[in-house]
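Notes follow once the structure below has been shown.
The values are calculated or read from the model by the stated rules, or taken from the named source; none is laboratory data. If you're wondering where the values come from, they're calculated on a predicted model, not measured in any experiment. All Cβ positions, glycine included, derive from the backbone under ideal geometry; neighbour counts span all protein chains shown.
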């Protein structure tokens, strides 16, 4: 489906705390300075999600400078307390688009999307309505379920902070549960999220469009 500005939703997410880590790590948690694509996708789906479509994260913007705090938490009764390097007062803007998909209903039948254009418009409107009403598919959180997220309507007057960084970041899991990592680059507070499943030529077209959303 052709990507246009009308395909894209955005929201501002804030919280008192946040923790976005590599879930494959066996050592103490240390949050990335920005949310991972998988955490962003989960959060957006918590605002509004249905089996007939999937969310693709396009871009994440830092709206506040990363501030860290080391928290000691006992997560399991029989294990020693674990130290987590978490974020304080994280604030982001997330851009995403709807990807219509075939799905299996409760009767085990494969259901095809009859009209992709109508489906996208319907669920984009529902997504925006949920934010306005504060009514969500599930309670959104900032990486870990104990860190609740507040969802706000986008405000273009709030600009990304002037922050730059580059590091290897967890992207998500393959179907066989093997982890995927990518070279994350935050440029002036903005991280473009690659579409791992897209061929390189299509991915470059996506980047051109989302970079043009806000000059």
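Assorted remarks:
- Filtering the range 157-172 to residues that are free of Cβ contacts under 8 Å to residues at least 60 places away in the same chain and not in a loop (DSSP other than H, G, I, E, B) leaves 166, 168.
- Residue 167 being surrounded by 14 or more Cβ atoms within 10 Å (Cβ to Cβ), at pLDDT 90 or above and touching a strand residue (DSSP E or B) at 6+ places or on another chain (Cβ under 8 Å): no
- Looking at 145, 129, just one residue is exposed (fewer than 13 other Cβ atoms within 10 Å of the Cβ) and not in a loop (DSSP other than H, G, I, E, B), and that residue is 129.
- Members of the range 4-40 that are buried (at least 19 other Cβ atoms within 10 Å of the Cβ) and without any contact (Cβ under 8 Å) to a residue 60 or more places away in the chain: 29
- Enumeration of residues in the range 185-196 that are more than 14 Å from the chain's Cα centre (by Cα) and at pLDDT below 95: 196
- Residue 215 modelled with pLDDT under 90 and either surrounded by fewer than 14 Cβ atoms within 10 Å (Cβ to Cβ) or more than 18 Å from residue 39 (Cα to Cα) (or both): yes
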